[in-house]
Structures are given as C-alpha cells and as structure tokens.
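These notes concern the structure reproduced below.
The values are calculated or read from the model by the stated rules, or taken from the named source; none is laboratory data. Keep in mind the model is a prediction, meaning the values are calculated, not measured. Cβ atoms come from the backbone with ideal geometry, glycine included; neighbour counts cover every protein chain shown. The protein model used for the area step is the full one, side chains on, heavy atoms only, and it has no ligands, DNA or RNA in it. Shrake-Rupley method; radii C 1.70, N 1.55, O 1.52, S 1.80 Å.
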Amino acid sequence: MKKHVILRKLFFSTLYLSAFTFGGGYVIVTLMKKKFVDQFHWIDEKEMLDLVAIAQSSPGAIAINGAIVVGYKLAGLLGALVAILATILPPFIIISLISVFYNAFRENFVVSRLLEGMQAGVGAVIASVVFDMGIDVVHEKSAASDVIMALAFIAACFFDVNVVYIVLVCAAIGIVRTLLQKRRRAK
C-alpha cells in the first residue's frame, strides 16, 4: 500500500478514535487494536501488545504515546507526526469549546448525569482491555510472564505500590530475561 494512503487512513482513523473515545488512554488502546490489528491487519496482535507496553511505560498520556508508536511503526517519523496531530486535535477543540461554556457545563444536571453514565461505560471498557491483555499474556504459555503479571497486579491492587515502580521493575525483569535468553542462544 502506498505511503500517502497509509498516512491518510492513519490520520482519519486516529482522529475518529480520539474524537469518540471517552475515558482515557486505555480505552483508545482497545480501539486502536480493533482498528489496526483486526480491521486493517497492519499490525499483528503480539506486536500491538509490545507497542502498548512501550506506550504505557513512556512518560505522558498513553493515547498520545500509543499514537506515536503505532504511527511510527506504520509510516516512520511522518506517521508518528500525523498520528499525534490527529490524536490531539479532537480533545483540543472539545476542551477549548468547553472552557468557553464552563459555567454552563459545570452546573448542568443533564451533563453531570451524562458524565456519570459515561464513567460506568469507561470502567467496563478498561476492564475489557485488562482482560484481553491478561489473556494474551497467559496464552504465551510462559510461567515467568504469568508470575510477573500476577505479582504486578498484587503489588498495585493490594499493596498500593506506585505504578511507576511496578513498570520500572517489570522493565528491568524484561531486560534481564532478554539478556539471559540471548546468552543461552549464543552457547
């Protein structure tokens, strides 16, 4: 497929996802998977998980980071720039409009109930993302990955360990595992 076609599809896909995704980056990650893995078949599922891991462990909003890594994977630096632009335009426009009418939104009963309902839907979508990603880790049939995932979950949910520390420890474990595997293959 020609690069300009990919860039156009990338722009409109990420623009659409960003415009109609409420609830933060984890929601957009699921929709990116459906669009780029399931619909377009541009990225395979394992690679999408890797890209999400990179996006999640990088500083900043996961929606932007996800757009950067997917855009870069699909079309290099220009793809990353196109995906960033398409991802930031809808929130920028919406927040600009809301700021103009802030007082009317703040006290509107219908808007507050709408946002409350959206929170419930967002919770369900995030739970779905966690389930899908967890199932993918389990399907790898790696006992070490299963243990790492379980320990990270326990640390975050039961011991209130800061997510930054969990990500850093998991990254370090991943690096050590990779180096050990390379060393074993070299022998």
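Quick notes on this one:
- Residues of segment 123-143 satisfying the condition of being part of a loop (DSSP other than H, G, I, E, B) and modelled with pLDDT of 85 or more: 142
- When segment 144-186 is filtered for residues that are surrounded by fewer than 11 Cβ atoms within 10 Å (Cβ to Cβ), in a helix (DSSP H, G or I) and not aliphatic (A, V, I, L, M), the ones remaining, listed by number, are 157, 178, 181, 182, 183, 184, 185.
- As for segment 94-108, it holds at least one residue that is more than 13 Å from the chain's Cα centre (by Cα), among the charged types (D, E, K, R) and either open to solvent by less than 70 Å² (accessible area, probe 1.4 Å) or more than 28 Å from residue 9 (Cβ to Cβ) (or both).
- On inspection, residue 76 passes the criterion of being among the small types (Gly, Ala, Ser), at positive phi and open to solvent by less than 50 Å² (accessible area, probe 1.4 Å).
- Those helices (runs of 4 or more DSSP H) lying entirely in segment 9-110 with at least 3 residues in contact with a Phe, Trp or Tyr (Cβ under 8 Å, 6 or more places away or on another chain) and small (Gly, Ala, Ser): 62-100
- Flag for residue 120 being at pLDDT 90 or above and either open to solvent by less than 80 Å² (accessible area, probe 1.4 Å) or β-branched (Val, Ile, Thr) (or both): no
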